[in-house]
Amino acid sequence: MGILSFSAQAAEAPHNEGAFAAALQSDFNASSQSQSFRRSMQYAQKQSRPSVSPSQAKSIALRRNPGARFIDVQLRGNQYRVRLQLKNGRIKDVYVDAGRRQVRN
């Protein structure tokens with residue numbers, strides 16, 4: 001319910017204070033719920049959006065390990081796990097911070 005519909009109800013029933021108060025309360029509840037929802041969605045979007053893409057994490061890990069072969073990349077919490085196969089055949093996991101482009105190991 002918006003301000004215009006609220007005003008229309010008030011004009012139609014100027015002597016009905018109960019309807020006026022109910023319309024005001026309904027408008028307030030809808031507004032506060034939508035603001036709360038918007039804030040929680042903005043928070044969730046900020047939390048879930050890493051500034052490093054999976055391909056950037058792959059590039060960072062390969063630069064740190066020349067000659068290695070890329071196997072896969074997974075986002076785990078706030079870091080990427082990049083799995084590489086080294087020249088000698090060993091498998092190595094490289095952890096790249098998803099927010100700061102830094103290798104953690």
- Under 5 Å, built H, 5+ apart or other chain: amide partners of A98: Q79, Y80
- Message: Could you give each residue of the stretch 61-71 its phi-based ³J(HN,Hα) in whole Hz, using Karplus coefficients 6.51, -1.76, 1.60 with θ = phi - 60°, and x for Gly or Pro?
- Response: 5, 5, 5, 6, 10, x, x, 6, 10, 6, 10
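No value in this document is a laboratory result; all are computed from the given coordinates. Because the structure is predicted, anything quoted here is derived from the model rather than measured.
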